[in-house]
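S.K.: Following this message is one structure expressed as structure tokens.
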């Protein structure tokens, strides 16, 4: 993936607004669409994306999945909230992130520790810490902090 991970996608005209967020999943109909490279290139399934610009009205098309009018939009992965080791939680730091593998199903933080799309598993992920949120009371005694982070780059 490219540095800053910005890409294009066709978005239903009713949702094509700056700041709108959506989870990206590819549909089988995408493979038959003439716009497939725009919508599928450099996207990670299961990841939350945010619209940062909408290229309308000259970029109208009909989406093969919804069969509705769509606009070309510029998107980037939305910031994610994750649990990381406290020693790594410096605001502004760029670190390699690996989702923790926790089996404590009753822990209220498990979704932040095991965060990550299936497409991110076994890959090196470079993130930038945007803000520290709170320290976590980990049942296993790990020193963890909840942070908001931006995906910078994903390596194979």
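S.K.: Can you give the FRET efficiency to the nearest 0.05 for residue 106 and residue 26, using r as the Cβ-Cβ distance and R₀ = 35 Å?
M.R.: On the way: r = 34 Å, r/R0 = 0.96.
That pair, residue 106 with residue 26, gives E of 0.55.
S.K.: Continuing with the same structure: Under a point spin-label approximation (7 Å from Cα along Cα-to-Cβ), what is the residue 86-residue 56 distance to one decimal in nm?
M.R.: My value for the distance between the label points is 4.8 nm.
S.K.: I would also like to ask the following. For the stretch 7-77, rounded, prolate or oblate, judged on the Cα gyration tensor with a ≥ b ≥ c (square roots of eigenvalues), a/c < 1.5 rounded, else prolate if a/b > b/c?
M.R.: Details: a/c = 1.61, a/b = 1.05, b/c = 1.54.
Since a/c reaches 1.5 but b/c is at least a/b, the shape of the stretch 7-77 is classed as oblate.
S.K.: Expressed as a whole number of Å, what is the distance separating the alpha-carbon centroids of the stretch 1-54 and the stretch 60-96?
M.R.: 9 Å
S.K.: Looking at the square roots a ≥ b ≥ c of the eigenvalues of the Cα gyration tensor of the stretch 1-149, which shape do they give, rounded for a/c under 1.5, prolate if a/b is larger than b/c, or oblate?
M.R.: prolate
S.K.: Follow-up. If each residue of separation counts as 0.36 nm, what is the full-extension length gain between residue 130 and residue 37 once their alpha-carbon separation is subtracted? Can you show the working numbers first?
M.R.: On the way: separation 93, 0.36 × 93 = 33.48 nm, distance 3.07 nm.
This chain segment gains 30.4 nm when fully extended.
S.K.: Apply the a/c threshold of 1.5 to the C-alpha gyration tensor of the stretch 80-155 and tell me whether it is rounded, prolate or oblate.
M.R.: Note, shape of the stretch 80-155 comes out oblate.
Where a number appears in this text, it was derived from the coordinates with a stated rule and is not lab data. Source: prediction; values computed, not measured. Positions of Cβ are generated from backbone atoms using ideal geometry, with glycine treated the same way; all protein chains shown enter the neighbour counts.
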